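Some notes on the structure that comes next.
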Amino acid sequence: MKVLLTLLLTLLATQALLAQPRAATPLPPADRITVTVHPGIELLTIVQLLAGKYSQPNQSVYAKETEAYFAPFAHHPAVQLARRLPKLYYDLPELGYCLDNFPDVRLHYPDQTNWYTMNGKDTIQAYLRLCQQFSKDSHFWAFYQQHQADYAAWAQPVHARLASEGLVAKLDSFYRFRTKTARWTVCLDPLNSWGAHAIVAKALNPRYADQVVYTVGFFNRESTATSTPTFSLGTEVSGLVWHEGSHIYTQALQQQYRADIAKLAYLFNPGDAGMKRNNIDDWAHCFDENLVRGVVIALFRQHESPKEARKQAAQEIVGDFQYAGDIADVLTAKYVGRRAYPSFAQFFPEILAYLAQKYPTAASTNQ
């Protein structure tokens, strides 16, 4: 549920980190990147907007047309159920990945998702069925088809920049993947004014096991009803690609070592403002954030200027991610540019050992 002010990305399938395939045909970087407006995500966003349970979009021609087209369906059963969901957040439309094969919408129920935990499995599955029916009743696909040219125009510059800057290749190289076959998907989210967020599509629908998805909104708060949504990557794109990519790349690895990570729970700093601001209320989440931020610092040291690397490190200190710099230091000293470890997965225990050695007790974190 992070809020980010610029864009972007998506990333590799998580299992590649621990069990990299031996036989696969590498794809050119540009062919591995898809930039699109995902129909399932767009559908669920519209339902949630009609329910009054979504941040109001920044003004645009598209937002105005969407409101006018779907207004007659403001009391549809899907919208009514959305209003009653006990825990409904702005990233709920990620469940749009459970819907595909438009216009004859096919529905897949996830085996497990936090949305079940927060709202009840039966309730969420009923909601998905009603959203499937909303698509049919509202003629959603006709609306979506009418805007295909818009979607393509928004996607082109985003795709071009991602392909040209080589950020995917740099991230792959850091983690030392042997093959480059997984696909990256960036979902442009023109009705989203609140932020960006990574989706593990594999966990929602096994048909997309080779994809990890990143959604990004239209953030121009000065826009008007005549504006066209734009999705500028901004100057922070490398940090965002590497940050969100690392969340996904390391997810399975953190699960494998969750017991060892838990032994360091005394390092958690719940009282710090940065933890509260980012809704971090347990050590596992705190470690996850410190880990990926440490990776980003290490990547900045590799590929950006020393000044930018120092700025990145300072930013994490100010944000109360106090172990990110330590993680970057051990990566720089023992992993980056060295071949003792064939992969990041094999190096990972060294990070835990370094933190345990540097901070052997809770009191040592304040030194």
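Coordinate-derived values only; no laboratory data. This one's a predicted model, so the numbers in the text were calculated from it and none came from an experiment. Counting neighbours? That spans all protein chains shown, and the Cβs are built from the backbone with ideal geometry, glycine included.
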Report, in deg cm²/dmol and to the nearest 500, the calculated mean residue ellipticity at 222 nm for the chain, where each DSSP H run with n ≥ 4 adds -39500 (n - 2.57) and the sum is divided by the residue count. -15000 deg cm²/dmol
Give me the dipole magnitude in Debye, nearest 20, for region 101-182 about the Cα centre, with unit charges on the beta carbon: positive for Lys and Arg, negative for Asp and Glu. 360
Taking R0 as 30 Å, what FRET efficiency do you get between R339 and L264 from their Cβ-Cβ distance, rounded to the nearest 0.05? 0.65
Restraint check, K311/K334; K307/K334; K202/K263; K170/K334; K121/K263, Cα-Cα greater than 24 Å: K202/K263; K121/K263
Net charge, G40 excluded, C-beta distance under 11 Å - Lys, Arg +1, Asp, Glu -1: -2
Derived scalar couplings ³J(HN,Hα) [region 323-328; Karplus, 6.51 cos²θ - 1.76 cosθ + 1.60; whole Hz; x for Gly, Pro]: 9, 4, x, 4, 5, 4
In whole Å, what are the extents of region 250-366 along the principal axes defined by its C-alpha atoms, from largest to smallest? 36, 32, 26
List residues of region 74-116, by number, whose backbone nitrogen lies under 16 Å from a label position 7 Å along Cα→C-beta of D122. 85-86, 116
Could you tell me the distance between the Cα centroids of region 135-167 and region 30-92, to the nearest Å? 15
Which one of V292, A333, Y354 has its Cα pushed farthest toward the positive end of the charge dipole of region 250-366, where Lys and Arg give +1 and Asp and Glu give -1 at the Cβ? A333
Residue-span extension gain [K64 to D137] - 0.36 nm each, minus C-alpha spacing: 24.2 nm
Taking a ≥ b ≥ c as the square roots of the Cα gyration tensor eigenvalues, with a/c under 1.5 meaning rounded and otherwise prolate when a/b beats b/c or oblate if not, the chain comes out prolate
Pull out the extension gain between I317 and Q145, defined as 0.36 nm times the separation in residues minus the alpha carbon to alpha carbon distance; nm, one decimal. 57.3 nm
With a sphere of radius 13 Å drawn around the Cβ of D111, what net charge do the other residues whose Cβ falls strictly inside it have (Lys, Arg +1; Asp, Glu -1)? +2
Computed label-point distance, nm, for sites K358 and N114 using a 7 Å Cα→Cβ extension: 2.6
